Structures are given as structure tokens and as C-alpha cells.
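Any read-out appearing in this document is the output of simple, stated calculations on the displayed coordinates, not a laboratory observation. What you see is a predicted model; the values in this text were computed from it and never measured.
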């Protein structure tokens, strides 16, 4: 089994839209993402995208269009020197009660089965509380980024008393952290000292700017 870096899509790889990303014209890579994925590709991690896409079952976009968007995203990442080993989507609305929509861990379990992943030595990078909850349920290392809905996610996590995660300004800095950790030492416990140091430093900087 191998370790993985699971990455949420909207708000982490590309700009999040309140009205959902419904076409390639509405898809915009966030700054530094392609370069960071190129650096991550050289590491021995499997890399997979996990995304809630309820716009499908809301009738706002078709499966075919979402697949076309993801295919174009994968081509752009590959052309930039990166790689994605799998894309896993949940099309369900929150009221449908499925097991794949984050914060449920279904997408993580599906990816782990298909890619032969050890979840306990893997990361999930997301911009929302539901990403952190899914990671913790599956025993992955949760990393929050403050792009997309990340600021809201940070507040929501605090309110929900979910504190067992590290947070970073964006995906490039999360990748820096991942690449700084020896792959054979990746566990939630190993990340704990960095969580305290990084979170404390960012909270101090945020306090100065308030």
C-alpha cells in the first residue's frame, strides 16, 4: 500500500463559485497551483481529487459537462508537469443522505480501495469543515487551506470544536509542508507539533491584522 495526497477541487485547485463551476469558461486555476502540483508529482504519493459536485443532482450541470471540465483540468495539469491519479466525485445533494458526500468518508474509501492507499499515512487538503471531518473520520492527516471557503471553514471548525488539523494560506504552502515531511513518518501524531507551531503563527499574524 502507498500513501496519498487527496485534494478537494473547488476552492483549492480552482476558484470557488457560489453558483458552482458549470463549464470550463468558469474554471480558473488558483495562483501557484499548477507549479505546486508539478512539485508534488515528483514525490512517491498517489494524488487524487475528491470533490462534492451537488450541482449535478441539483440539475445545474450534467455529468458529461463535469467530466469534460475535469478532463480539461487533468490535461492542463499534465501539460504543466503535474499528475492526478484519480478523480472521485459525489453528485448528491446534502438532503440525499449518501455515504460519499463529504463529510462522509465514502470518496476516501473508494479511492483507497481503487488506488491501494493507506489512509492513515495520507493527507486530505481542503477548504471546508466537511473536508476536515472526512479526513478525520478516515484517519487521514487533514490540511485546511484558506483559499475558497477556507476562512469560513476555519471559523466553522472552531465553532464545531474541530481543531485537529493544520492550516495554510493556499495549496502551494500545503504542498511545501507535505514535501517537508518524511513519507514514512506521515501520521496525524507526527503532524501535531507542526500543527501547533503553524496554527499559532498564523493566528498571531491574523490577530495583528484585525
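Looking at the square roots a ≥ b ≥ c of the eigenvalues of the Cα gyration tensor of segment 61-152, which shape do they give, rounded for a/c under 1.5, prolate if a/b is larger than b/c, or oblate? Verdict is rounded for segment 61-152.
Is the shape of the chain rounded, prolate or oblate, going by the alpha carbon gyration tensor and its root eigenvalues a ≥ b ≥ c, with a/c under 1.5 for rounded and a/b larger than b/c for prolate? Let's see the in-between values first.
Details: a/c = 1.36, a/b = 1.24, b/c = 1.10.
Since a/c stays below 1.5, the shape of the chain is classed as rounded.
Averaged across orientations, what area in nm² does the convex hull of the alpha carbons in segment 1-99 project?
Numbers: hull surface 27.1 nm².
Seen from a random direction, the Cα hull of segment 1-99 projects 6.8 nm² on average.
Gain in length, residue 96 to residue 156, computed as 0.36 nm per residue apart minus the alpha-carbon separation, to one decimal in nm?
Answer, rounded to one decimal: 19.4 nm.
Restricting attention to the chain, close to 5% of DSSP beta bridges with both partner residues there are antiparallel.
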